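A short worksheet on the structure shown next.
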Amino acid sequence: MTPSPDTAVAAPARSTAEGDAPATPPTDETPAERSPAGGRERYLDMWRAAALVRVVTYHVLGWLWLTVLFPAMGLMFALAGSLMANSLDRTGNSAVRRRLRRLLPPLWGFGAVAVTLLMVAGWRTAPGAQLGWGELVWWIFPARTPPVSDQSWAWAYNTVLWYIVTYLWLVLLSPVLWPAFRRWPWQTLAVAAALPIAFRFNVVNVGGYFNEQATNVSSYLACWLLGFAHHDGLLRRIPARRYALAVAALALTGATWVLYLGWSTGNYDLNRMQGANTLWSLAFIAAVFRFRPRLDWLGRIRPLDRLVELLNARAVTIYLWHLPAGVLAGSLIAPVALSGGWLTNIVFRLAVVWALVAVAVVLFGWIEDLAARRRPALVPARVSPARPRPVRAGAGVPVSPAPAAAVVAGAVPVGASPVAPVPADPDPVGRSATVRAATGGAAVPTARRPVRSGTSGTRWHGAMVSTVGLLAAGLAVMAFNLWPGVTTRAPQAVRQEVTYHLSDLPMLVDGASPQAAKAVLPATADTPTATPGSVTLHGEVFPRAVLTAAPSRVRVQPPAGCERLQAVIDVSADNAQVTFAVRADDVTVFESGARGPTDGSERIDVDVARASYVDLVTSSPSGGAVGVWADPRFVCAT
């Protein structure tokens, strides 16, 4: 799986009856899908905005502890699943078409810019996957991650698209998932939660051309279905004590698994922990859906309220463009020497990234308006305060300004047709329920009753949130111990240096060629070596060589305190040109230029102090080349 992104959006729509909830990740609610009396649910808006900020921060700074502290990707799939269920309830299978209409145009705009830029930069070699140049079709209909060229920066244009692809598959599967869930809700959710565990232990193995997509869908299917349960009000029907105990048990199980994997591998990236990711995300989401504090204070802080609204209204654009903005920001600020320490550098870097994202929002955000069939605007209009929406008279529904609550109470305004009796709402939190008018069959939003929790229920909810919060903080602290340059371990009295060979560390691989999936491998007898596990370069033996197919990008998280990366680079294939680059937190700190077999070996010693992650990038204009990183190692202070 690729990172997670892990992340969109809500923007004004024409009417609730039209069912125009956006089909775009990371959220897809419109102001038509509202809280009581027609107002937006600011609680969910706030979580969407926070998730988007978390995703951007994670991709820009590479802080792996953020993934366990706040599993944003699972939450976004759950929110999207709830809204998809709402759309299927209102409009049936046509909801799929509406969602695709909202999802694809922003991607097409992003892809048009990305592919054009890559072509101008020299993309001349066909993608290495089965379809060759035909792989470009995934930029039009992203059933697979679209390809990019072998430029060292090209990965920024497709790394986060795994989320778009996974979202698309879940939308396409929803017309089948929805009736199955309605008939067997808890059984369906249990199977979905067990599926990624089966994938992890090879009980289920899809393999083949769509293996990555099947793996990602299995990881987040349970989160999607938990959104279905939220929409149907199933979560609110569970007594507080039973619900809190179940969430606590799930959280303990997921957190224990995350801790075991992180402790044993040294990598706490939740996106790489299939199975554990699902369980921990489900516990976090279940707590979010059940615990709903009042947010009256948010409306009183107008700048913050407006910021939450803007992030929701342009989240698709922000999600698509934030990683290219991060790479560009790294290149722009690399020559700038800042004083004030690491905090100043972090704040400055985030400020530059968000400034570039704002430019992208202005240039391309209007595409979301066109996709939603709204008037394009550089800055989305502010959502009106909550109030009843006017309805055409004579349609068998109450005439504005009569509140929808009047329908529930049985009080029908003069001139309106009587409505059928309304049963008790099974979702007292406020899911959008409807009643059908006796004539015309019009859908009428009903008022949603507030949750009445006794003192005992409030205490159980508080205990549940405290448990999940403490576990999240504990996991973040454990991951924080591995954060380069910052450690909570006691300092050593005597400074010593320790060497960590990359061949002993977890390495994550991204690449555009089929060889990239196997790009990280020790030298074997199939390569020019003196003995298996070593490589001989110009008569010198290196016992811990790592070979990478070009093009590819290998990401490694340096252990705490590491300051330098040392290696010997060379090209193992005849008549091949390979460019080697080292990037620290997406900033290029070393680039070799094009090298061939006749150029000999080169020793490099690169400063990677305070880097959250380091990328070893190899690229080749001809493809099929192999770059040799002989005995790459981190030199760290202890």
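The values are calculated or read from the model by the stated rules, or taken from the named source; none is laboratory data. Quick caveat, the model's predicted, so the values are computed rather than measured. Glycine also receives a Cβ, built like all others from the backbone with ideal geometry; neighbour counts cover every protein chain displayed. Keep in mind that these areas ignore ligands, DNA and RNA; they rest on the heavy atoms of the full protein, side chains included. Shrake-Rupley method; radii C 1.70, N 1.55, O 1.52, S 1.80 Å.
Do we have Leu117 as open to solvent by 20 Å² or more (accessible area, probe 1.4 Å), over 23 Å from the mean Cα position of the chain (by Cα) and either under 19 Å from Leu52 (Cβ atoms) or not polar (S, T, N, Q) (or both) here? Outline the logic, then answer.
On the way: open to solvent by 20 Å² or more (accessible area, probe 1.4 Å): yes; over 23 Å from the mean Cα position of the chain (by Cα): yes; either under 19 Å from Leu52 (Cβ atoms) or not polar (S, T, N, Q) (or both): yes.
So Leu117 fits the description; yes.
Out of all the residues in segment 337-355, which are open to solvent by less than 70 Å² (accessible area, probe 1.4 Å) and either at pLDDT below 90 or closer than 19 Å to Thr588 by Cα (or both)?
Answer for segment 337-355, where residues must be open to solvent by less than 70 Å² (accessible area, probe 1.4 Å) and either at pLDDT below 90 or closer than 19 Å to Thr588 by Cα (or both): Leu338, Gly340, Gly341, Thr344, Asn345, Ile346, Arg349, Leu350, Val352, Val353.
Within segment 56-82, can you find the residues that are farther than 18 Å from Val477 by Cβ and open to solvent by less than 10 Å² (accessible area, probe 1.4 Å)?
Val56, Val60, Ala72, Met73, Gly74, Leu75, Met76, Phe77, Ala78, Leu79, Ala80, Gly81 - these are the residues of segment 56-82 that are farther than 18 Å from Val477 by Cβ and open to solvent by less than 10 Å² (accessible area, probe 1.4 Å).
Does Asn202 satisfy the criteria of being out of contact with any strand residue (DSSP E or B) (no Cβ under 9 Å at 6 or more places or on another chain) and open to solvent by 30 Å² or more (accessible area, probe 1.4 Å)? Break it down stepwise before answering.
Details: out of contact with any strand residue (DSSP E or B) (no Cβ under 9 Å at 6 or more places or on another chain): yes; open to solvent by 30 Å² or more (accessible area, probe 1.4 Å): yes.
So Asn202 fits the description; yes.
May I ask you to list pairs of residues, at least six apart or on different chains, whose Cβ atoms are under 9 Å apart, with the first in segment 206-228 being of a type in the set (A, V, I, L, M) and the second being surrounded by fewer than 14 Cβ atoms within 10 Å (Cβ to Cβ) and in a helix (DSSP H, G or I)?
Qualifying pairs under 9 Å: Ala222/Ala190.
Anything in segment 272-315 that is open to solvent by less than 30 Å² (accessible area, probe 1.4 Å) and touching a His at 6+ places or on another chain (Cβ under 8 Å)? List them, or say none.
Phe289, Arg290
Please go through segment 260-318 and pick out each residue that is over 29 Å from Gly457 (Cα atoms) and among the small types (Gly, Ala, Ser).
First, the residues of segment 260-318 that are over 29 Å from Gly457 (Cα atoms): 260-275, 301-318.
Across segment 260-318, the qualifying residues are Gly262, Ser264, Gly266, Gly275, Ala313, Ala315.
Being of a type in the set (A, V, I, L, M, F, W, C) and assigned to a loop (DSSP other than H, G, I, E, B) narrows it down to one residue among Ala129, Ala78, Ala95, Ala50; which is it?
Among Ala129, Ala78, Ala95, Ala50, only Ala129 is of a type in the set (A, V, I, L, M, F, W, C) and assigned to a loop (DSSP other than H, G, I, E, B).
Looking at segment 572-582 only, could you name the residues that are open to solvent by 10 Å² or more (accessible area, probe 1.4 Å) and either β-branched (Val, Ile, Thr) or at pLDDT 85 or above (or both)?
Residues of segment 572-582 open to solvent by 10 Å² or more (accessible area, probe 1.4 Å): 572-575, 577, 579.
Selection gives Thr579 alone.
Only one of these conditions is not met by Ala360: (1) open to solvent by less than 20 Å² (accessible area, probe 1.4 Å); (2) under 19 Å from Ala50 (Cα atoms). Which number is it?
Every condition holds for Ala360 apart from (2).
Among the residues that make up segment 215-235, is at least one of them at pLDDT below 95, acidic (Asp, Glu) and within 30 Å of Ala581 (Cβ to Cβ)?
Checked against the condition, which is being at pLDDT below 95, acidic (Asp, Glu) and within 30 Å of Ala581 (Cβ to Cβ), segment 215-235 yields no hits at all.
Would you pick out the residues in segment 152-182 that are of a type in the set (Phe, Trp, Tyr), outside any loop (DSSP other than H, G, I, E, B), more than 12 Å from Pro142 (Cα to Cα) and touching a helix residue (DSSP H, G or I) at 6+ places or on another chain (Cβ under 6 Å)?
So in segment 152-182, the residues of a type in the set (Phe, Trp, Tyr) come out as 153, 155, 157, 162-163, 167, 169, 178, 181.
Keeping just the survivors that are outside any loop (DSSP other than H, G, I, E, B) gives 155, 157, 162-163, 167, 169, 178, 181.
Retained after the next criterion (residues that are more than 12 Å from Pro142 (Cα to Cα)): 155, 157, 178, 181.
The answer is Tyr157, Trp178, Phe181.
So Leu332 passes all but one of these: (1) out of contact with any Cys (no Cβ under 9 Å at 6 or more places or on another chain); (2) closer than 26 Å to Ala473 by Cβ; (3) open to solvent by 10 Å² or more (accessible area, probe 1.4 Å). Which condition number does it fail?
For Leu332, the failing item is (2).
Could you list, in sequence order, all residues of segment 122-150 that are over 24 Å from the mean Cα position of the chain (by Cα) and open to solvent by 50 Å² or more (accessible area, probe 1.4 Å)?
If the condition is that a residue be over 24 Å from the mean Cα position of the chain (by Cα) and open to solvent by 50 Å² or more (accessible area, probe 1.4 Å), then Arg124, Thr125, Gln130, Leu131, Trp133 are the ones that fit.
Looking at segment 275-369, what helices (runs of 4 or more DSSP H) fall wholly within it and have at least 2 residues that are of a type in the set (Ser, Thr, Tyr) and within 20 Å of Trp155 (Cβ to Cβ)?
Details: elements: 276-290, 296-300, 302-313, 315-333, 342-364.
Qualifying helices (runs of 4 or more DSSP H): 315-333.
Going by the conditions given, is Phe110 of a type outside the set (Gly, Ala, Ser), outside any helix (DSSP H, G or I) and either surrounded by 19 or more Cβ atoms within 10 Å (Cβ to Cβ) or touching a helix residue (DSSP H, G or I) at 6+ places or on another chain (Cβ under 8 Å) (or both)?
On the way: of a type outside the set (Gly, Ala, Ser): yes; outside any helix (DSSP H, G or I): no; either surrounded by 19 or more Cβ atoms within 10 Å (Cβ to Cβ) or touching a helix residue (DSSP H, G or I) at 6+ places or on another chain (Cβ under 8 Å) (or both): yes.
Considered against the rule, which asks whether it is of a type outside the set (Gly, Ala, Ser), outside any helix (DSSP H, G or I) and either surrounded by 19 or more Cβ atoms within 10 Å (Cβ to Cβ) or touching a helix residue (DSSP H, G or I) at 6+ places or on another chain (Cβ under 8 Å) (or both), Phe110 comes out as no.
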